[in-house]
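Q: Handing you a structure now.
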Amino acid sequence: MIQLQNYIAGQWETVPRQLDVSLCNASTGEVIGRQVESDAEQLERALAFAAESYNASRGWCSLSPAERAARLLRAADSLEARAEHIAELDSLFTGVIISLTSRLARICGAAFRGAAGLLQDDEGAGVNGKLLIERTALGPAAIIGPWNAPAGIMAHKLASALAAGCPALVKPSEWAPHSVQVIVEALQEAGLPDDACQLLHGTAATGVELVADPRVAAVSFTGGLAGGRAVARACAEQVRPAQLELGGNNPLLALEDAQVEKAAAGVVTAMTTLNGQWCRALGRLLVHKSLEAELPERIRQKLAGLTLGHAMDPDSDMGPLAHRRHRQLIERQVAALRDKGGVIHQCTPLPALGGWFYPPTIITGLRPEDTVEEIFGPVACLHSFDDDEQAVRLANQTPYGLAAYVFGDEDHCWQVARRVRAGVTKINAVTLLNLSPEAPRPAWGLSGLGDEGTRETFEFFRGTRVTGVAD
Ligand code: NAD
């Protein structure tokens, strides 16, 4: 197992503090290591190095867009060579099945290729030789990632910040930090200058210090609402932009004319992708009264036939939750809903592996006002509706607005989907990836701030600069 190390000013360094929290194989519970924390001295050196490099236009910050693009392509090659290793590490620590982490690991290289592509013809707009309008790097960028898809999310943010010309300061999740370290190793091997990326391991405490620092010019954060709010407050204090990708309580609407088989398959995908630890996972299953008997029964049959197993086993349909505390949280949230009158439906057999397994769970019998919060696991609350008006009301009842799914006759779906308050609404399908690589991934309400997307995240890290000769 790779040893966790920080990467500061071109050197790999021991992370000084080992915490009393175990990192485990999510599928077996076997202890593999401990959480670690950077100290203030390391944080200061990393921040000073990134800020000096930006202020003096050195290293990464001195490269032209074409030079950055060439290096990002080399980084993509280097990441592609490590894709298998990245996938294995993420399966080990997050419990996400290897078929999915393999796809997400391949996205890491693709993210760097896509970012390099944005830099073609990106030399700024000159007018009559007297006026130059540029989009240019904001400065040191702090990037804070979650544990559910650690490598894919970090690669997207990091590639975007680097393409923009920002020196990056990266803090992966304390629960699944290894794959991000491999990404930083790949950048180093690809010959990116030392200031391109500083890696700082640690918990929220390290994240708090990082985002409080006035030398940081932009913060991109993916995580929960509490962390997102804290980051937003810190960024407000520094009057700097924050890109926040937070949670969701995403509805799936099965309209009167939905095909039962298709809708049931969509529900199962939405509940089991990333083992339900997916910001776009199903939270509210909204079913037309006419499908109330048939659709839940078809879903039950499908869930009963799933193989819940070891994340590294290619035959597993779904793996465990990421860590013991997270499973305890899900158990508490489900118990609280049971206390409110919810009826718990679980039918997928659990494996005898010792990991943090939790079966896909559907809860019925609750009042809609009791099911507005995110449960970051394979748990969906079912409500039925009489007509489109009620369906839309139920879909829009939560304070979130990340993803939604609508199943039914396609024209009918379009009418309903365009009334749902969500950044992305998919019709008659649930997919891990976005509708198109060019489409943004916006977040409404408490789900976040600042659109995500290939071009959108790149532009997030840039500001406009106008230079000209005054008459
Ligand atoms: P989390 O908020 O606990 O942690 C996320 C990261 O932020 C970690 O690196 C953590 O150390 C750090 N952090 C936490 N509090 C912080 C603070 N006050 N200041 C600075 N850094 C802080 O989230 P998690 O448990 O790792 O991830 C699960 C959450 O992430 C869920 O709510 C999920 O919906 C959300 N998520 C959203 C998206 C999206 O694209 N919208 C994608 C993945 C996950």
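Taken together, the values in this text are just the output of simple stated rules run on the coordinates, not laboratory data. Bear in mind that the values here come from a model prediction, so they are computed numbers and not experimental data. Methodologically, a virtual Cβ is constructed for each residue, glycine included, from the backbone with ideal geometry; neighbour enumeration extends over all protein chains shown.
Q: How large is the charge dipole for the chain, taken about the Cα centre, if only the Cβ atoms of Lys, Arg (+1) and Asp, Glu (-1) carry charge, to the nearest 20 debye?
A: The dipole of the chain has a size of about 400 debye.
Q: Could you run the Karplus curve 6.51 cos²θ - 1.76 cosθ + 1.60 with θ = phi - 60° over segment 363-372 and give me ³J(HN,Hα) per residue in whole Hz, x for Gly and Pro?
A: 10, 10, x, 9, 6, x, 5, 8, 10, 8
Q: Mind checking which of A75, T28, S64 is farthest towards the positive end of segment 1-160's charge dipole, using Cβ charges of +1 (Lys, Arg) and -1 (Asp, Glu) about the Cα centre?
A: Sorting the options by dipole projection puts first S64.
Q: Here's something else I'd like to know. Rounded, prolate or oblate: which fits segment 1-113, taking a ≥ b ≥ c as square roots of the Cα gyration tensor eigenvalues, rounded meaning a/c under 1.5, else prolate when a/b beats b/c?
A: Oblate.
Q: Magnitude of the Cβ-charge dipole of segment 283-379, K/R +1 and D/E -1, about the Cα centre, nearest 20 debye?
A: Rounded to the nearest 20 debye, it is 200 debye.
Q: Still on this model: Regarding segment 48-205, what whole-number volume in Å³ per residue does the convex hull of its Cα atoms give?
A: It is 99 Å³ per residue.
Q: Next up: How long is the chain along each principal axis, judged by its Cα atoms, biggest number first, in Å?
A: That works out to 71, 57, 39 Å along the principal axes.
Q: Still on this structure: Give the Rg/Rh ratio for segment 404-471, taking Rg as the radius of gyration of the Cα atoms and Rh as the Kirkwood radius, to two decimals.
A: Using only Cα positions, Rg/Rh for segment 404-471 is 1.20.
Q: Size of segment 179-269 along its principal axes in angstrom, Cα-based, largest extent first?
A: The principal-axis extents, from largest down, are 56, 37, 21 Å.
Q: Can you list residues from other chains, or at least 5 along the same chain, whose modelled amide H is less than 5 Å from the amide H of A422?
A: none
Q: Expressed in nm to one decimal, what extension gain is obtained for the pair S62 and D386 from 0.36 nm per residue of sequence separation less their Cα-Cα distance?
A: Extending this stretch completely gives an extra 110.5 nm.
Q: Something else now. Based on Cβ point charges of +1 for Lys and Arg and -1 for Asp and Glu, what charge dipole magnitude is obtained for segment 94-210 about its Cα centre, in debye rounded to the nearest 20?
A: Roughly 380 debye for segment 94-210.
Q: Calculated from DSSP H runs of 4 or more alone, at -39500 (n - 2.57) each and per residue, what is the 222 nm mean residue ellipticity of the chain, nearest 500?
A: That comes out to -12000 deg cm²/dmol.
Q: Any idea what angle helix 40-55 forms with the longest principal axis of the chain, computed on alpha-carbon atoms, 0 to 90 degrees, nearest 10?
A: Approximately 60 degrees, to the nearest 10.
Q: Could you work out, for segment 304-431, what percent of all Cα-Cα pairs fall into each 5 Å distance bin, beginning at 0 Å and stopping at the bin that holds the largest distance?
A: The calculated distribution, bin by bin, is 2, 9, 16, 18, 18, 17, 12, 6, 2, 0.
Q: Enter the angle in degrees (range 0 to 90, nearest 10) between the Cα long axis of helix 98-118 and the first principal axis of the Cα atoms of the chain, meaning the one along which they spread out most.
A: For 98-118 against the chain, the angle is about 40 degrees.
Q: Once amide H atoms are placed 1.01 Å from N in the peptide plane, what residues at a sequence separation of 5 or more from A218, or on another chain, have their amide H within under 5 Å of its amide H?
A: When sequence neighbours closer than 5 places are left aside, the close amide H contacts are A142.
Q: For R229 and E373, calculate 0.36 nm times their separation in residues minus their Cα-Cα distance, and state this gained length in nm to one decimal.
A: Additional length available on full extension: 50.3 nm.
Q: Moving on. What angle do you read, to the nearest 10 degrees and between 0 and 90, between the alpha-carbon axis of helix 150-164 and the longest principal axis of the chain?
A: Around 40 degrees separate the two axes.
Q: Over the chain, how many pairs of lysines fall under 29 Å by alpha carbon, counting only those 8 or more apart in sequence or from different chains?
A: Lysine pairs meeting the criterion: 10.
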